[in-house]
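The values are calculated or read from the model by the stated rules, or taken from the named source; none is laboratory data. What you see is a predicted model, and the numbers here were worked out from it, not measured in a lab. When we count neighbours, we look across all protein chains shown, and the Cβ atoms used for this are built from the backbone with ideal geometry, even at glycine. Keep in mind that these areas ignore ligands, DNA and RNA; they rest on the heavy atoms of the full protein, side chains included. Shrake-Rupley method; radii C 1.70, N 1.55, O 1.52, S 1.80 Å.
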Amino acid sequence: MKRYIPKDIEPKWQKKWAETNLYAAEDFSLKPKYVMLTEFPYPSGAGMHVGHMREYSLGDIVARQKRMQGYNVLFPMGFDAFGLPTENYAIKNKISPQQATSDAVTSFVQQLKGMGFSFDWSRSFNTSDPEYYRWTQWLFLRFFKSGLAYQSEIAVNWCPFCKTGLANEEVINGRHERCDTPVEKKLLKQWMLRITDYADRLVDGLSTVDYPSRIADQQINWIGRSKGAEINFSIDNQDVTITVFTTRPDTIFGATALVLAPEHPLVERLTTTAQKERVNAYIKATEAKSDIERQDTDREKTGVFSGSYALNPASGERIPVFIADYVLTGYGTGAIMSVPAHDERDHAFAVKYDLKIIEVIKPSDDKTTAATVFTGEGVMFNSGKYDGLASSEMREQIIKDLAEKGLAKEKINYRLRDWIFSRQHYWGEPIPIIHCPKHGAVAVPEQSLPVELPKVAHFEPTDTGESPLATIADWVNTTCPECGTPAKRETDTMPNWAGSSWYYLRYFDPHNANAFADRKLLDYWGAVDMYLGGMEHTTLHVLYSRFWHEFFYDQGLVPTPEPYSARRGQGIILAADGTKMSKSKGNIVNPNEVIDNGYGADALRLAITFLAPYDQTTPWSPEALGGTFRFLQRLWTLVHDYVESDGGDNESDDLKTIINRTIYKVDQDLMAYGFNTAIATFMECVNDLYRVKAKDNFSSIEWQWAIESVLKLLAPFVPHISEELWEAIGNEGSIHLEEWPGYDQAWTIDQEVTVAIQINGKIRGTVKVQRGTDQAAVLTAAKQELSASNYLVGQEITRVIYVPDKLLSLVVK
RNA sequence: GCCGGAAUGGCGGAACUGGUAUACGCGCACGACUCAAAAUCGUGUUCCUUUUGGAUUGAGGGUUCGAUUCCCUCUUCCGGCACCA
């Protein structure tokens, strides 16, 4: 018998699949379509480790099963080539980013092909190809022409290490998500995308798609929609109004101060001469603080009195106006009404600065202790005509009453901020804008796209807040498309999230030179049916691309309101020691090494998938590989034993049951993405086949059917060995073109069942009976079974509960 | 602080709508083959007591004939957000 040596079979089949174009998706096929998308990687010099392969292994299983189930499957792969990782790699190795990208793509393709994934390679592209980013620029101009892309001089998050501005989404706990450097604030003129215009749509759209709640909730939290009111406070003896945002207008009678952010535009005007020195000193001190310092919630609250007083529009009381940095300038109006009795932050502030604390809400059950700040709903008091009424019900009434006097209006605020879209780096799509002294920012005409990234000798980022492109005079200097006068190109580039915000659409029509994709193909392929990727992209890439797609839908460019019908997030594979795999720690498990060590891609795919539920973060276990390899060896031996045997002529009910049950279970598991339990089912199945083989001499026809069925089920998981064994048992043509096997329900059920006997809640024995035996007969059998023991001796049975074919529960005393 | 998830043998994990907890794999032990080892095959493997038995799904309570599963309280860990009014 031939031994199972993966090296001998895997490259052979990979070559054959490529030659026969086995996994090509067909445009306009009459079969139902299924788009299985896995996030495309950014090509870097580091190569991919086993953790990366989890995502593609899972996607490949689904894609292959769907193909066998008769779908026209699109399972594409490309490369997210622009961005910091590639640029940093290029700088470090003193090669051009173009070269770094092309080298990395070559090695990534080799790694992916070695795993036997069924990607349609004819649709592959990389986002740094001018033929691709031409359309990224074209789509950006749609935002620009709709007023959704605008320039703004704002204090951006600046990473001093990467030397670039960042979006809010890229800042984690005050640090850059990529390099962990604390970010600084830097005043820069930036391109922004008005994602906040789509805040409601991004929340509401979630109820139309199939996302796990942990992903949907995270996006909802990130967007942070909160309903409340803007209320105007007039300033005593001055013709000035301060507008505050609050979600609790029902506490307005308890507002005993106004607090403005230090950056609030009215601070200067409200500061009295007597207080000027103190206020200026405070603002200076605030500016000196880092973002991380300012965001520390445990920090003692500080502030300063402005000298002015406001009038509470509900109570008419004169209340002081303070300036304090616990009020944020970027949220709401940058000013709040302080209600110390019912807000913990305001309480702490009021205690420190000796402000009045007026309680106006008490819990309906009235068991509050004076020590705590009551922030819940309750009954209003000290609130004039609202006394005795429920706070939750009066909230809208108060807004209405104040609105009649022109003092308030309903308002919804979002935590989400507009998307800072400029990067001061070389390796990105040039923003296709020309700055004309007369016409301002002008779009590059469509026929002049792409605005190609010039090839340069020096592409290192600068400290000036300008992109390296700014130094290339003959690229920067151009003429205005409107009037022909000398003008300058925009020198900032787009963030690495730009190309990935629409890449799935390009797979539908990857070679189109006249449009980002043909409308007929967009209509045919529609939304992505399943999108698998990392949890870390929930509030970055997934949110961004939903925003782009929703805008395109409004522009009539795409047929569906949402890009992804369903989304799943796979868990991270950690190193065996439980820490993250990283090149610097040297704990990376390289798939190439695993394959070369003789385990092969199939055993690796199984090990990755069998490790844990797909969505769970879990440490890698090198030993698991031995287990899955042994399993494949046992399968190999089983099939070859059959091929080399003569075969008998026995019919076998056991065999029928084993196979039908396996098909049923694997079917169920795959529907629920229970990949690890599906593999356990295969292992049980092969163990069972060994067991019955030793017992009976089955007919060849039955064995052939059994083995063919098992191989078809295994084909999506282990494509090489199943193809090899499919051939070995005498089949022509690829197993991957076979139909997914069906099962006979009748053979998945045992005729003889084991019924557990429970006495007072404890299992005391079991009886075997025919399926469908009635309660009386089972009770008789149970009494007989337990006659040898004394559980029932001298006891009276007071209650009998029978769960048919499963369990008999007796209550005795 | 807020939102989400989790806790089951030595380890990764399984268990359908409440119905025989520990499937499958790893590891370990013993046996077969071998001069020997590896590989392979077989047997066993939750814990305590081993005679009967008893305990056990992070802790404590509850509902139920019966709870890993449902409810309440709490602990720990992981992910996300965080002075967002």
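Reducing the stretch A:710-755 and the stretch A:260-287 to their Cα centroids gives an inter-centroid distance of 76 Å.
Accessible surface for chain A, divided over its residues, is 44 Å² per residue with a 1.4 Å probe.
Against chain A, whose longest principal axis comes from its Cα atoms, helix A:84-93 is set at around 80 degrees.
Using a probe of 1.4 Å on the protein chains alone, the accessible area found for A:Lys185 is around 110 Å².
Quick check on the stretch A:1-52: take the gyration tensor over C-alpha atoms, sort the square-rooted eigenvalues as a ≥ b ≥ c, and tell me if it's rounded (a/c under 1.5), prolate or oblate. Judged from the Cα gyration tensor, the stretch A:1-52 comes out oblate (a/c at least 1.5, b/c at or above a/b).
Between amide H atoms placed 1.01 Å from N, distances below 5 Å from A:Asp615 occur with A:Gly571, all of them 5 or more places distant or on a separate chain.
Taking a straight Cα-Cα cut-off under 20 Å and skipping sequence neighbours fewer than 8 places away in the same chain, the lysines within cross-link reach of A:Lys289 are A:Lys185, A:Lys186, A:Lys301.
Can you quote the Å³ per residue value for the convex hull of the Cα atoms in the stretch A:389-471, rounded to an integer? If you can, show how the numbers build up before the last one.
Numbers: hull volume 20.0 nm³, N = 83.
Output value, Cα hull per residue: 241 Å³.
Here the gap between A:Thr618 and A:Arg299, fully extended at 0.36 nm per residue and compared with their Cα-Cα distance, gives a gain of 111.2 nm.
When the Cα centres of the stretch A:619-668 and the stretch A:1-44 are compared, how far apart do they sit, in Å? Each part's Cα centre sits 24 Å from the other's.
The alpha carbon gyration tensor of the stretch A:602-683 gives principal lengths a ≥ b ≥ c with a/c of 1.5 or higher and a/b no greater than b/c, which makes the shape oblate. Summing charges over all other residues whose Cβ lies under 10 Å from the Cβ of A:Ser128, with Lys and Arg as +1 and Asp and Glu as -1, gives -3.
Scaled against the 2.2 N^0.38 Å expected of a compact globular protein of N residues, the Cα radius of gyration of chain A reads 1.21. The heavy atoms of A:Leu786 offer some 10 square angstrom of accessible surface to a 1.4 angstrom probe.
If the cut-off is a Cα-Cα distance under 20 Å, which lysines reach A:Lys189, setting aside same-chain residues fewer than 8 apart in sequence? Leaving aside lysines fewer than 8 places away in the same chain, those within reach of A:Lys189 are A:Lys145, A:Lys163, A:Lys438, A:Lys488. Taking 16 Å as the straight-line reach from the Cα of A:Lys31, the aspartates and glutamates in range (excluding those fewer than 8 positions away in the same chain) are A:Asp523, A:Asp529, A:Glu738, A:Glu739. Can you give me the angle between helix A:50-68 and the longest principal axis of chain A, using Cα atoms only, in degrees from 0 to 90, rounded to the nearest 10? The angle comes out at about 60 degrees. Simple spin-label estimate for A:Ser234 and A:Thr247 gives 3.1 nm between the two label positions (7 Å along the Cα-to-Cβ direction from each Cα). The three principal axes of the Cα atoms in the stretch A:243-329 give end-to-end lengths of 38, 31, 21 Å, sorted in falling order. Computed from backbone phi with θ = phi - 60° and the Karplus coefficients 6.51, -1.76 and 1.60, the 3J(HN,Hα) list for the stretch A:485-500 is 6, x, 8, 10, 6, 4, 10, 6, 10, 7, x, 5, 7, 5, x, 7 Hz; x is used for glycine and proline. Here the stretch A:498-633 is treated with +1 on each Lys and Arg Cβ and -1 on each Asp and Glu Cβ, and its dipole about the Cα centre works out to around 160 debye. For A:Leu258, nonlocal amide neighbours, meaning residues 5 or more places apart or on other chains whose placed amide H falls under 5 Å from its own, are A:Val321, A:Phe322, A:Ser338. From its DSSP helices (H runs of at least four residues, each -39,500 (n - 2.57)), chain A gives a residue-normalised ellipticity at 222 nm of -11000 deg cm²/dmol. For A:Val50, the shell of other residues with beta-carbons less than 12 Å away shows a net charge of 0, using +1 for Lys and Arg and -1 for Asp and Glu. Residue-wise HN-Hα couplings along the stretch A:184-196, as the Karplus relation 6.51 cos²θ - 1.76 cosθ + 1.60 with θ = phi - 60° gives them from phi, are 10, 9, 9, 7, 9, 7, 10, 7, 10, 10, 7, 5, 5 Hz; Gly and Pro carry x. The angle between the Cα long axis of helix A:97-114 and the longest principal axis of the Cα atoms of chain A comes to about 30 degrees, rounded to the nearest 10. Here the Karplus curve 6.51 cos²θ - 1.76 cosθ + 1.60, taken at θ = phi - 60°, turns the phi angles of the stretch A:427-432 into couplings of 7, x, 6, x, 6, x Hz, with x standing for Gly and Pro. Taking amide H as placed 1.01 Å from N in the peptide plane, the amide H of A:Met581 sits under 5 Å from that of A:Ala575, each at least 5 places away or on another chain. Per-atom-type breakdown for the stretch A:743-813 gives carbon and sulfur 48% of the accessible area (1.4 Å probe, protein chains only).
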